[in-house]
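The values are calculated or read from the model by the stated rules, or taken from the named source; none is laboratory data. Since the model is a prediction, treat every value here as computed from it, not as a measurement. For neighbour counting, all protein chains shown are included, and Cβ atoms are generated from backbone atoms with ideal geometry for every residue, glycine included. When the accessible area is computed, the model is the full protein with side chains, heavy atoms only, and any ligands, DNA or RNA have been set aside. Shrake-Rupley method; radii C 1.70, N 1.55, O 1.52, S 1.80 Å.
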Amino acid sequence: MKLLILLGPPGAGKGTQAQHLVSRFGLVQLSTGDMLRQAVKDGTEVGRKADAIMKAGQLVPDEIVTSLISEQLDKHAHAPGFIFDGYPRTQAQAVALDALLADRGMKLNHVIELTVDEDALVTRIAGRFTCARCNEGYHDTFKLPKVAGVCDICASTEFKRRPDDNAETVRARLAVYRADTAPILPYYEAKGIVSRVDGMGDIASVGAAIDAIVQDVPVSA
Ligand code: AMP
């Protein structure tokens, strides 16, 4: 069982690298951002509560995201491991995650911090879009579809952009990261389980650096 957290500011590449780890190691990606976006789309009670908060780039209450994670851990009880992507984002969530794992006889193995230059993040985030059908990620500057307007993977011609991926909301999300999320690193550093990876490289080289760490991660019971 491998249990990893990908930690880093919005636009650091957590989602992209988590998807790579899913295909490389068969781990299950638990992205609270994806779960919340789905809840908004489905119009559930959680989605109704989260919608305005997400558009403002603020954090959804800890209890909501922790219960989403708890449900998913139970749903995928037989998975070979999990990648936590965008969770935990506060000290309270970090403590809650340890408790959720302990209840299930599991323990975190590793936290990978993706470090990035903040100025580059706004450009990265403001240009990104995904295929509306298969979710493949693209970027206006760094990764356009090979044939304009057609998804490389599934040939769909429909794409979408996140409503919170605009310059103003990105700045709010970065401020929240600095104030609430970066301060949880010492909690994990004290456990001796943090590695840093330079997230400014291209997708493949960041992926290779992460793979090397994940391969060496000791497997817990
Ligand atoms: P992400 O896709 O991880 O960038 O998350 C998008 C938005 O969802 C964030 O800006 C928050 O509003 C909300 N969100 C996602 N994960 C969490 C979390 N762990 N705690 C609180 N809010 C979250």
Pairs to check: LYS49/LYS75; LYS55/LYS143; LYS75/LYS107; LYS14/LYS143. Give those whose C-alpha atoms are more than 20 Å from each other in this structure. LYS49/LYS75; LYS55/LYS143
For segment 49-95, what percent of Cα pairs sit more than 11 Å apart? 72 percent
Of VAL122, VAL147, VAL22, which is the most mobile in a GNM of the chain whose springs link Cα atoms less than 10 angstrom apart? VAL147
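Taking a probe of 1.4 Å, how large is the accessible area per residue of the chain, in Å²? Show your work: numbers first, answer last.
Numbers: 10810 Å² over 221 residues.
Here the per-residue accessible area is 49 Å².
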For GLY81, the residues 5 or more places away or on another chain with a placed amide H closer than 5 Å to its own amide H are LYS2, VAL28
Over all viewing directions the Cα convex hull of the chain casts an average projected area in nm² of 11.7 nm²
Over all directions, the average projected area of the alpha-carbon convex hull for segment 176-221 comes to how many nm²? 4.5 nm²
Rounded to 5, percent antiparallel among DSSP beta bridges of the chain: 30 percent
Theoretical ellipticity at 222 nm over the chain - DSSP helices of four or more residues, -39500 (n - 2.57) apiece, nearest 500: -13500 deg cm²/dmol
With the full set of protein chains in place, find how many percent of the accessible area of the chain is carbon and sulfur; take the probe as 1.4 Å. 55 percent
Taking only Cα atoms, what is the 0 to 90° angle, nearest 10, from helix 62-75's long axis to the longest principal axis of the chain? 80 degrees
One computes Rg over Rh for segment 1-103 from alpha-carbon atoms, with the Kirkwood Rh, and obtains 0.95
From the phi of every residue in segment 130-144, what ³J(HN,Hα) in whole Hz does the Karplus formula 6.51 cos²θ - 1.76 cosθ + 1.60 yield, where θ is phi - 60° and glycine or proline is x? 9, 5, 5, 9, 9, 6, 4, x, 9, 8, 4, 9, 9, 7, 7
Would you work out if segment 104-151 is rounded, prolate or oblate? Take a ≥ b ≥ c from the square roots of the eigenvalues of the alpha-carbon gyration tensor; rounded if a/c is under 1.5, else prolate when a/b is larger than b/c, oblate otherwise. oblate
Modelled label reach - ALA155, point 7 Å along Cα→Cβ, segment 120-138 residues with backbone N closer than 16 Å: 133-134
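Taking R0 as 25 Å, what FRET efficiency do you get between THR141 and LYS55 from their Cβ-Cβ distance, rounded to the nearest 0.05?
Working: r = 24 Å, r/R0 = 0.97.
Approximately 0.55, to the nearest 0.05.
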In whole angstrom, the spacing between the Cα centers of segment 1-55 and segment 98-116 equals 15 Å
Which of rounded, prolate or oblate describes segment 77-121 when judged by the alpha-carbon gyration tensor and an a/c cut-off of 1.5? prolate
For segment 80-186, diffusion coefficient by Stokes-Einstein and Kirkwood Rh (Cα), 4 °C, 1.567 mPa s, µm²/s: 79 µm²/s
Pulled fully out, how much extra length does the chain show between ALA132 and PHE25, if you take 0.36 nm times their separation in residues and subtract their Cα-Cα distance? 36.0 nm
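Sorted by mean Cβ packing within 10 Å, highest first, what order do the peptides 72-78, 83-89, 129-135 take? Let's see the in-between values first.
Numbers: 72-78: 12.3, 83-89: 23.4, 129-135: 15.7.
Order by mean packing, descending: 83-89, 129-135, 72-78.
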Tail weight of P(r) past 22 Å, computed on alpha-carbon pairs of segment 63-142, percent: 45 percent
Would you mind checking the radius of gyration and Dmax of segment 134-208 based on alpha-carbon positions, in Å? 17.1, 48
Using a simple spin-label model with points 7 Å from Cα along the Cα→Cβ vector, what separation in nm is obtained for SER195 and ARG104? 2.3 nm
